[in-house]
1. Please identify, among Asp103, Asp355, Asp83, the residue showing maximal mean-square fluctuation in a Gaussian network model of the chain using a 10 angstrom Cα cutoff.
2. Can you give me the Rg/Rh ratio for the chain, using Cα atoms for both radii and the Kirkwood formula for Rh?
3. Test of understanding: in a Gaussian network model of the chain with alpha carbons linked when under 10 Å, which of Arg44, Arg393, Arg324 would top the mean-square fluctuation ranking?
4. Give the angle, between 0 and 90 degrees and rounded to the nearest 10, that separates the Cα long axis of helix 51-60 from the longest principal axis of the Cα atoms of the chain.
5. 5 Å is the cut-off here: which amide hydrogens, built 1.01 Å from N in the peptide plane, fall below it relative to Asn269, excluding neighbours closer than 5 in sequence?
6. To the nearest 10 degrees, how steeply does helix 109-123 sit against the main Cα axis of the chain, on a 0 to 90 scale?
7. Run the quick spin-label model on Glu3 and Tyr177: label points 7 Å from Cα toward the beta carbon, then report their separation in nm to one decimal.
8. At 0.36 nm per residue, minus the direct Cα-Cα distance, what do Asp99 and Arg270 gain on full extension? Give it in nm, one decimal, please.
Amino acid sequence: MSETLHVDCLVIGAGPAGSAAAIDMARAGLKVLVIDRGEFPRFRIGESFLPRTKRALRRLGVLDRCMALPHARKVGVEISMGDHRYGSRTYFFRDTIGDGEKDAFNMARIHLDMMMMEAARDAGADVRTTCALRSIQSHGDNGIIANTDAGVVHAKWMIDASGQASSLGREFGTRRYHSFLQNVAYFEHFEGVIRPSGPAAGCFGLTVLDEGWFWLIPLDDQRTSVGFVARETLHRTLDIPAEDRFWWAVERTPIMAERMANARGPSRNRVISDFTYRCDPFAGPGFFLVGDAAAFLDPVWSTGLTLGLLAAEQAAAGVVRLSRGARPAAERARYQAWASRVVGRAFELVEGFYDPAFRDLLFAPSQPRELVRGFVTLLAGEFDAIQPATAMRCLALKSMCAVQKRFPFVPRRRPFRLRPDGVTNRVPLAQLASKVALQ
Ligand SMILES: Cc1cc2nc3c(=O)[nH]c(=O)nc-3n(C[C@H](O)[C@H](O)[C@H](O)COP(=O)(O)OP(=O)(O)OC[C@H]3O[C@@H](n4cnc5c(N)ncnc54)[C@H](O)[C@@H]3O)c2cc1C
């Protein structure tokens, strides 16, 4: 039977961002209702995290719970250009500037998200799954009224953490897509994948192609998440079913064909849209947007969860201050400025990856150690607390990029092409994985 509920804050979505916000607000004594239209535990992609994610989870008091779940330590990123022409480059989190976390971890989201949702419940939030937001009747600084599967909810404030569904972004028509980051991801979990080894052991494997890139994420002792992200120019013109595109790309990419030679897993892949967007403004009368509901960035540097947790912390703190009498307009302005700055920095890092000049620098024969440290500190997810030492190094790197573009001073590095005109690099499928479905 439909009820009428009165709460301090309604959170839409019990993913990591929504749960994190709920934990903080419930601990501050607010009455919090979290609704999620899904059923938990549930699958989610996005399994590789940053040192800054670890720090955010530590602050929330859930890092120990996290580390008790199946996971793999992550020490940095190994980058190759698809074949063996330029070898590979490795960037380690241990080189970050400052006293932040010096490593991170990877984990299947089915574990992480369930743990976060339970932690929100333990903190005192009322978390209801298979319970969707249906519509918003009204919103303003004097409260919001929402129709949900639990009934009509009267809340003083609302946090939209509905992920790519972007409930409020859609409602208000504020979602804006990036001009060229309109990718699609094809992925699955496998056993028997050859992972980065030697000095690169424990690294996220990033294989760059002209038309996209591969991720290789060790999840635990056995399982590895492997995905292929295709750029718009490729996925819009490829004449094969979407569920077959992962293996299509693996067969043609020398490094991936080697790594997947003995892989066991599904023969067809999952597919997810990977279009970069933002729903600006990030706050309005009665509400805040956090996580993917606010902005989604191409996942090449694994920034998603970090941004979601950092935004959740800020939005929750804003709601707590409002509950203590802060001025709504001031809180909105503060959050908007914070989110624009932090999301903007992450956007820059992602756009950098797609800039050929930046890739040239990543593969430069010699690299000034201090610039590498600046880059790695950003890579570690320090978007919210960039120290002048990091900012200076990143600025220098940006200037070098601009010079490289016009007057190349390090060799140009063209990534491997999946579709070189008229040439096929295909490795015979028979030589690849046995492709037996995992249990
Ligand atoms: C291909 C790909 C690879 C990625 N790789 C990484 C990575 O390696 N590292 C990383 O950090 N990030 C990665 N990401 C991004 C990461 O997945 C997201 O940033 C992260 O899941 C965002 O968390 P969230 O809590 O904002 O949203 P979600 O985890 O998506 O949670 C949103 C919740 O809202 C619920 N919901 C939606 N609509 C409603 C409604 N109307 N009513 C009630 N509930 C609703 C949903 O059921 C869902 O549970 C990747 C993303 C993609 C697409």
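1. Asp355
2. Numbers: Rg = 22.1 Å, Rh = 22.6 Å.
Radius of gyration over Kirkwood radius for the chain works out to 0.98.
3. Residue with maximal mean-square fluctuation among Arg44, Arg393, Arg324: Arg324.
4. It is inclined by approximately 20 degrees.
5. Asp244, Arg245, Phe246
6. With both axes taken from Cα atoms, the answer is about 20 degrees.
7. Those two pseudo-labels are separated by 4.1 nm.
8. Numbers: separation 171, 0.36 × 171 = 61.56 nm, distance 3.87 nm.
Extra length available between Asp99 and Arg270 comes to 57.7 nm.
Bear in mind that the values in this text are calculations on the coordinates, not laboratory data. As the structure is a prediction and not an experimental result, all values here were calculated from the model. Virtual Cβ from ideal backbone geometry, glycine too; neighbours counted across all protein chains shown.
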